[in-house]
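Okay, so here's the structure we're looking at.
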Amino acid sequence: MKNKRPMRILFADDEASIQELMRIELPRLGHEATVCPDGRTALAALDLTAYDCVIVDLDMPGIGGMEVITRVRQTSPDTETVIITGKSSVETAIEAVRQGVFEYLTKPCRLADIQAVLERVRKKRELTTRLRALEQRVRRAEGATRLVGDSPALERVRQLVARVAGSEAAVLVRGETGTGKELVARAVHEGSGRAGGPLVAVNCGALPEHLVESELFGHRKGAFTGADEHRAGLFEVAHGGTLFLDEIGELPRSLQARLLRVLESGEIRRVGDNHPITVDVRLVCATHRNLEEMVRAGGFREDLLCRINTFEITVPPLRERREDIAALLGHFVRRSRPQLPPQAAFADDVTLATLAAHDWPGNIRELANVVEHALVLCDELPLTVEHLPGRLSGLKPVALPPAATPAGGGAIAAETNPGPLRPRTLKELELDAILAGLARNDGNKPRTAEELGISLKTLYNKLHQMQDGALDKSA
């Protein structure tokens, strides 16, 4: 154990000989040990000190081992727990798994067995520490999630996020494709008491139907062809944090009932496993679909809708917050060129007015793509109409409210000749077709893919190419 931080171990057993053995051997192995003769003494010790690992005898008079484990889960969920018992049974093993016990040993057990378990506990805690340090570095580098813009519509979203973040309520985020629903989910998570835990995001529409169950709930080795090892599902990964289910309307109806049971019971079962696992997860869902219409059509369960829609936030489309276009454009430009001086002019007046004339069926995602396209062509700022994709350069400029004018941008012209059109590229025509299809189909991706004659996976790939990471930390 040389050069390793001693772990604090709480050991509880009603056998005097085992108590004496642990008082001697645990310090010899390099650990700080607190040895208790019963459950009541162990609970008192837990109130005074934080421990890395708690080892308890399952069958003690008075307060038993499972009661001690329950207290540990409530007061110190990061502490690992190990059970030692002379009365092994399937029932106690199942209950131990449900309580998140790290290891289950049967008497008589060797000191070497305990030593091996403690070494695994150490490795797990070291890995957890490194992961948390990495997460903190990433958070510091990225900064807090920011909803960019000062429009009344966006300010309303901010107010709703601030109100609900501190609660444990399930949140349903509604809005068209590309409006920044995931950014709202991140803001809810970061403003909650779970901000130190994981935020796990999954797009229900992007997963193959036969893998959705395994992805969400995990599976045991051999549960199906290709299941070569045990795998934790996203609910387990999100334990102690937030699970964001994007495009919840695409979840197969066959899995909606199972999701409802998980939300009501707080327990999951891996595919191929009958033992339940308790999870502590806050759920945030998002959709561009009209779930009420889906309920009436039989495509979505009404009871599940009620369960996930405790609190609703609707993200406005960009065409309803045009005064935010200038701020969003500046945000995207500065993210790509962080060395720019504070008062840099990002785009000229004609360009801003031209962008304001567009209806943005792809919303902020489309704007991010347009800005990235323009920056490829622009050697020196400000951006001009000539840098815009062909589908935009011919639009008739419109005036924006004065508040939308960025620093150094000047007033926005209401009527200016944008100049001659240039031919559109094949990629731009493809983008037009996809965005127009999404607009016609109210954002329904499966229907859009069918109409365009491509697979749903291909459509998602095209949308991700359009995004090119531009929405990761913006909107």
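What is the fewest-to-most order of Tyr51, Tyr104 by other Cβ atoms lying within 10 Å of their Cβ? Could you put the intermediate results ahead of the total?
On the way: Tyr51 23, Tyr104 17.
Sorted ascending by nearby Cβ count, the order is Tyr104, Tyr51.
What order do you get for 367-378, 240-251 when each peptide is scored by the mean count of other beta carbon atoms within 10 Å, highest first? The partial results should precede the final answer.
Numbers: 367-378: 20.1, 240-251: 21.9.
Per-residue Cβ counts within 10 Å, averaged per peptide and sorted highest first, yield 240-251, 367-378.
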Counting just the Cα atoms, what span does segment 271-324 cover along each of its three principal axes? Round to the nearest Å and put the largest first. 54, 29, 20
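Quick one: order Lys107, Lys181 by neighbouring beta-carbon count within 10 Å, fewest to most.
Working: Lys107 15, Lys181 27.
Sorted ascending by nearby Cβ count, the order is Lys107, Lys181.
Taking K and R as +1 and D and E as -1, what net charge do the other residues with C-beta under 9 Å from the C-beta of Val171 add up to?
Details: positive: Arg282; negative: Glu312.
Surrounding charge for Val171 is 0.
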Part-to-part distance (alpha-carbon centres) for segment 150-192 and segment 245-290, which is given in Å: 21 Å
If you plug each phi of segment 304-314 into the Karplus form 6.51 cos²θ - 1.76 cosθ + 1.60 with θ = phi - 60°, what whole-Hz ³J(HN,Hα) values come out, in order, with x for Gly and Pro? 5, 4, 4, 6, 8, 10, 5, 9, 10, 10, 9
Nonlocal amide H pairs with Val35, under 5 Å, H built at 1.01 Å: Phe11
Sequence ranges 189-197, 449-457, ranked by mean other-Cβ count within 10 angstrom, highest first: 189-197, 449-457
Pop a pseudo-label 7 angstrom from the Cα along the beta-carbon direction at both Cys306 and Glu25 and give the gap in nm to one decimal. 5.6 nm
Shape verdict for segment 8-131, please, from the Cα gyration tensor: rounded (a/c under 1.5), prolate (a/b greater than b/c) or oblate. rounded
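Which of rounded, prolate or oblate describes segment 217-357 when judged by the alpha-carbon gyration tensor and an a/c cut-off of 1.5?
Values: a/c = 3.12, a/b = 1.93, b/c = 1.62.
Since a/c reaches 1.5 and a/b is larger than b/c, the shape of segment 217-357 is classed as prolate.
Each reported figure results from applying straightforward, stated rules to the coordinates on display, with no laboratory input. The structure displayed is predicted, hence computed values, not measured ones. Cβ coordinates were reconstructed from backbone atoms using ideal geometry, including for glycine residues, and neighbour counts include every protein chain displayed.
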